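A short reminder: the numbers here are calculations on the coordinates, not readings from a lab. All values derive from a computational prediction rather than experimental measurement. FYI the Cβ positions are ideal-geometry reconstructions off the backbone, even for glycines, and counts take in every protein chain you see.
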Amino acid sequence: MLVSQVMDATFDDEVLKHHKPVLVDFWAPWCGPCRMVAPVVDEIANEYGGSIKVVKINTDENPSTATEYGIRSIPTLMIFKNGGRVDTVIGAVPKSTLASTLNKYLTS
């Protein structure tokens with residue numbers, strides 16, 4: 001599986017210090033829209049695996065990171081590049097929306 005789980009304790013190393021852009025899926029098991037967007041996130045991971053890293057973080061189990069980034073609703077998908085957040089997509093969005101958002105950060 002190309003999508004790995006990160007935790008509060010591993011977020012810095014797995015996301016902020018990673019050399020490629022990172023797509024972070026903030027989710028929770030009880031969230032219906034999170035389950036709807038999960039296959040889209042998996043498809044993105046499969047298609048963009050060489051260009052980006054894709055991770056998930058359970059907001060129930062990792063409240064510190066969710067609070068730090070102001071997560072108010074889930075699913076929230078954030079793109080990090082060079083140690084900083086560069087974009088945010090909130091809600092269960094179609095794959096095309098997520099792909100076009102990601103593409104902005106793959107060439108720059």
If we scan segment 20-27, do we find a residue that is on the phi < 0 side of the Ramachandran plot and free of Cβ contacts under 8 Å to residues at least 24 places away in the same chain? no
Among the residues in segment 76-84, are any surrounded by 13 or more Cβ atoms within 10 Å (Cβ to Cβ), among the small types (Gly, Ala, Ser) and touching a residue at least 24 places away in the same chain (Cβ under 8 Å)? no
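Each row is one residue, and each column tells you yes or no for (1) under 14 Å from the mean Cα position of the chain (by Cα); (2) more than 15 Å from Asp12 (Cα to Cα).
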residue	(1), (2)
Ala45	yes, yes
Tyr48	yes, yes
Ile57	yes, no
Thr67	no, no
Pro75	yes, yes
Ile90	yes, yes
Lys104	no, yes
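Could you go through segment 50-65 and let me know if any residue there is in contact (Cβ under 8 Å) with a residue 12 or more places away in the chain, surrounded by fewer than 17 Cβ atoms within 10 Å (Cβ to Cβ) and touching a Leu at 6+ places or on another chain (Cβ under 7 Å).
Yes, some residue in segment 50-65 is in contact (Cβ under 8 Å) with a residue 12 or more places away in the chain, surrounded by fewer than 17 Cβ atoms within 10 Å (Cβ to Cβ) and touching a Leu at 6+ places or on another chain (Cβ under 7 Å).
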